[in-house]
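Step one of this worksheet: look at the structure below.
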Amino acid sequence: MPLRILIVITRGELGGAQTHIFELCRALRHEFIFHVAIGGSERSPLEEQLDELGIESSRIPGLSNSYSPQRLLRGVFAIRSLIGKWQADVVHVHSAVASVVGRLAARTRSVPSIYTVHGFGFKAEVPFMRRSIAYLAEQILAPITSHLLCVSSFEMKMSEALLISRTKVSQVSNGIADSPLRADPAIDPPMFIMVARMEAPKRQDLVVAAIEELCRRGSAPPQVIFAGGGPLLDKIDATRRKAKATTVQLPGDLRDIPERLSATQVFVLISDHEGQPISIIEAMRAGLPIIASNLPGIRTQVSDGNEGLLVTNDAVSIADAMEMLIQSPELRTSMGQRSRERYESEFSASSMARRVAVAYQAFGRRAPGALPLKETQ
C-alpha cells in the first residue's frame with residue numbers, strides 16, 4: 001500500500017516553494033498518495049496545477065502568514081483533523097507558518113513530520129523582531145521534527161544552531177523538470193526579466209534604480225519584464241513612473257514563465273535574502289545568463305563570472321552588470337551555456353524527488369524521530 005503524504009503550505013500563490021511542491025508531486029505521484037493542504041479560502045494557482053496532476057488538495061482558511069496564537073491554534077486543529085480524516089503516514093511541511101502548524105499537528109497525532117527549509121526565517125538580513133520569533137519557533141519545534149530537508153548548504157550550516165541531531169538533517173537541492181524551450185542570449189538588444197513576487201525580500205526597486213543609473217551614464221535602457229504580482233505591485237509601478245523607466249513592463253502573475261524566459265536574453269534576481277531560488281533554476285534551464293544578489297543561497301547556484309554576475313544590492317553594482325552584458329552578446333552566450341550545463345548536472349527534478357522519496361520511506365508509519373536518515377548530499 002503506497003504511503004499517504006500530507007503536504008502543508010501556507011499559501012498557494014505562484015512562487016518557489018509552490019513550484020517545488022508541484023515538481024515533487026509530479027515526479028512521485030505514481031509511488032505515493034499525496035494530499036496538499038493550502039492556506040486560504042480562495043482557489044489558488046497551486047490548486048489548479050495539482051488538479052491537472054489529479055492530486056487532491058484542501059483549503060485551510062485559518063492558515064495564513066500570521067503568528068497570532070489564535071490563528072496558529074486554529075491552523076493546528078484544522079491540520080490535525082485532516083491528518084486523522086485522511087490517515088496520513090507522513091506530514092511534509094513547507095514555508096514558515098505552515099511548518100509550525102503542521103509539525104505541531106503531526107505531533108498530536110504521533111505522525112512523523114518532515115520539514116523542507118526553503119529559507120530559515122532567522123537569517124541576519126531578516127528584521128530583528130521577525131528573526132527572533134523565527135529562531136525561537138525553530139528551537140522549540142526542532143526536537144519534534146522527524147527530519148529537516150535543507151535546499152542548500154547555507155541552510156544546512158544555519159541548522160547547526162538548532163537543537164536537532166545532525167542525523168536528522170539532509171541537503172536536498174531544489175529541482176525542476178526539463179523543458180525543450182531555450183533562450184538565445186545573443187539576440188540584440190537584450191531583454192531582461194525578473195521573475196519574483198512583488199513583496200519583501202525581493203527588490204525590483206533596485207533594478208529600477210539601476211535603469212536610472214544607466215540613463216545617467218548615457219546608455220540606452222534595456223527592456224525589462226518584472227513577472228509577478230503581489231502586495232507591492234502598485235508601489236513598484238509608482239517607483240517606475242517616478243523614475244520615468246518606460247522600458248519596464250509589469251504584466252503581473254504569468255502562467256507561461258518557460259515561454260517568457262525563452263524569449264529573453266538575461267535573467268535578474270535582486271533580493272535581500274534567499275534560500276535557493278527556483279526562479280534561478282528555471283532561468284538556468286532555459287540557458288540564460290544570470291545577474292543576482294551576492295547571497296549565500298544564490299552562491300550555491302551561480303558562480304560569479306561563470307553562470308552569471310553576482311552583485312551587491314545597490315544601483316551602481318547592478319547597472320555595471322547590466323551594462324557588461326548589454327555590450328557583449330558573446331559573454332551572454334557563454335554564461336548561458338554554463339547555466340544550462342549547471343542545471344543539467346545539479347538541479348533536475350528527478351534527483352530532488354529521489355532524495356525526498358528516501359525520507360518518506362524512512363519515516364512512513366513511524367513515530368517522530370524513530371529512524372535516523374543518512375545524510376544525502
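The values are calculated or read from the model by the stated rules, or taken from the named source; none is laboratory data. Here the structure is a predicted model, which means the values were calculated and not measured. Heads up, the Cβs are rebuilt from the backbone with ideal geometry, glycines too, and the neighbour counts pull from every protein chain shown.
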Region 305-324, residues that are more than 15 Å from Ile270 (Cβ to Cβ), among the acidic types (Asp, Glu) and more than 21 Å from the chain's Cα centre (by Cα): Glu323
Would you confirm, using the coordinates I've provided, whether Gly102 is more than 25 Å from Ile257 (Cβ to Cβ), in the same structural domain as Arg11 (by TED's automatic domain parsing), of a type in the set (Gly, Ala, Ser) and touching a residue at least 60 places away in the same chain (Cβ under 8 Å)? yes
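Just give me the residues in region 190-210 being touching a residue at least 60 places away in the same chain (Cβ under 8 Å), in contact with a strand residue (DSSP E or B) (Cβ under 8 Å, 6 or more places away or on another chain) and over 19 Å from Pro329 (Cβ atoms), in sequence order.
Those that are touching a residue at least 60 places away in the same chain (Cβ under 8 Å), in contact with a strand residue (DSSP E or B) (Cβ under 8 Å, 6 or more places away or on another chain) and over 19 Å from Pro329 (Cβ atoms): Met194, Val195, Ala196, Pro201, Lys202, Arg203, Gln204, Val207.
Tally the residues that are within 25 Å of the chain's Cα centre (by Cα) and either over 24 Å from Gly16 (Cβ atoms) or not aliphatic (A, V, I, L, M) (or both), restricting the search to region 224-243.
Our first condition is that a residue be within 25 Å of the chain's Cα centre (by Cα); within region 224-243, this holds for 224-237.
Narrowing the set further to residues that are either over 24 Å from Gly16 (Cβ atoms) or not aliphatic (A, V, I, L, M) (or both) leaves 226, 228-231, 234-235, 237.
Number of matching residues: 8.
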Just need a number here: residues in region 301-323 that are assigned to a loop (DSSP other than H, G, I, E, B) and buried (at least 21 other Cβ atoms within 10 Å of the Cβ). 3
Hey, could you check region 106-119 for residues that are surrounded by fewer than 22 Cβ atoms within 10 Å (Cβ to Cβ) and free of Cβ contacts under 8 Å to residues at least 60 places away in the same chain and say which is nearest to Leu162 (Cα to Cα)? Thr108
Exactly one of these conditions fails for Ala315: (1) assigned by TED's automatic domain parsing to the domain that holds Ala105; (2) modelled with pLDDT of 95 or more. Give me its number. (1)
Residues of region 141-157 satisfying the condition of being surrounded by fewer than 20 Cβ atoms within 10 Å (Cβ to Cβ) and either under 13 Å from Lys123 (Cβ atoms) or among the charged types (D, E, K, R) (or both): Lys157
Among the listed residues Arg59, Arg103, Arg80, Arg4, which satisfies the condition of being of a type in the set (Lys, Arg), out of contact with any helix residue (DSSP H, G or I) (no Cβ under 6 Å at 6 or more places or on another chain), within 23 Å of Phe363 (Cβ to Cβ) and at pLDDT 95 or above? Arg4
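Of all residues being more than 21 Å from Ala106 (Cα to Cα) and part of a helix (DSSP H, G or I) in region 19-40, which is farthest from the chain's Cα centre (by Cα)? Just the residue, please.
Leu28
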Go through region 324-333 and report how many residues are without any contact (Cβ under 8 Å) to a residue 40 or more places away in the chain and either assigned to a helix (DSSP H, G or I) or buried (at least 21 other Cβ atoms within 10 Å of the Cβ) (or both). 2
Filter the strands (runs of 3 or more DSSP E) completely within region 51-160 down to those with at least 1 residues that are more than 24 Å from Pro2 (Cα to Cα). 56-60, 113-117, 147-150
